[in-house]
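Notes to accompany the following structure.
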Amino acid sequence: MRIAPCLIGLALTPLALLAQKAPQASPVASSLAPLPEAQQIAAAVLPLPAEYRDGARVLGYRSGSARLVTLREGTGPFTCLASDPAAPRFHVACYHQSLEPFMARGRSLRAEGVKGERVDTVRFAEVKSGKLAMPTHPALLYSLTGPKDSFDPAAGTAKGARQLVVIYIPGATAASTGLSAKPAEGTPWIMFPGTPKAHVMFVPRM
């Protein structure tokens, strides 16, 4: 069995796409109507273990804007992002609250026009200076990615969407964790070792 190419592509994309991506307003994006808020929330929390879904904070979209807004305040440890109606694929992600400063800073920098590797150059420098806080413990991110029409509101499921589990361990390396830095079938691996955004990747199902 091979690792699905779409998952390898996702694995090689920093920070699981939406968790730090800042939507950019555009005529195309703003003309695409988002799902009703209740459906956005139901879809956004699907990556989480069931016990965390009801308390998750959810960010999503409203008609006429490509900007993320708070659809539901949370009482639990996770923030979830609804699927971008302007994106070609269905993608939802939920990350632990201890990652909020890092994720929010990425969105802010992109909204300011900072692009590519420069985003991490800025954030890494801010982490080093103490301006940007990172968790001192492992922190989880869960995501689901699939075809645009993956989410079934009636069933409350995302048929065909693939799950990815990411465990952030800032500063971790292959040596400190015993993990390989190469993606491999059925086993976790580490990405961006030795950096503030070092994280373990794991695909639960191939």
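General observations
- Listed values for the stretch 148-153 are Karplus-derived 3J(HN,Hα) couplings in whole Hz (6.51 cos²θ - 1.76 cosθ + 1.60, θ = phi - 60°), namely 3, 9, 4, 6, 10, x, and x replaces Gly and Pro.
- Full extension of the chain between LYS159 and SER176 yields a length gain of 2.4 nm, computed as 0.36 nm times the residue separation minus the alpha carbon distance.
- At q = 0.18 Å⁻¹, base-10 log of I(q)/I(0) for the stretch 74-206 (Debye sum, equal scatterers on each alpha carbon): -1.17
- Distance in nm between pseudo-label sites at ASP152 and ALA38 (7 Å out along the Cβ direction from Cα): 1.9 nm
- Each residue of the stretch 118-129 was assigned a 3J(HN,Hα) from its phi angle through the Karplus expression (A = 6.51, B = -1.76, C = 1.60, θ = phi - 60°), giving 4, 4, 6, 4, 5, 5, 4, 5, 6, 5, 4, 7 Hz with x at Gly and Pro.
- Only beta bridges with both residues in the stretch 56-106 are counted; by DSSP, about 70 percent of them are antiparallel.
- For THR157, nonlocal amide neighbours, meaning residues 5 or more places apart or on other chains whose placed amide H falls under 5 Å from its own, are ASP152.
- Once backbone amide H atoms are built at 1.01 Å from N, LYS197 has GLY171 as its partners under 5 Å, excluding neighbours fewer than 5 places away on the same chain.
- A simple spin-label model places pseudo-atoms 7 Å from Cα toward Cβ; at THR195 and LYS131 they are separated by 1.8 nm.
All of the numbers you see were taken from the coordinates with simple rules; none came from a lab. Bear in mind that the values here come from a model prediction, so they are computed numbers and not experimental data. Quick reminder, even Gly has a Cβ in these numbers, built from the backbone with ideal geometry, and neighbours come from all protein chains shown.
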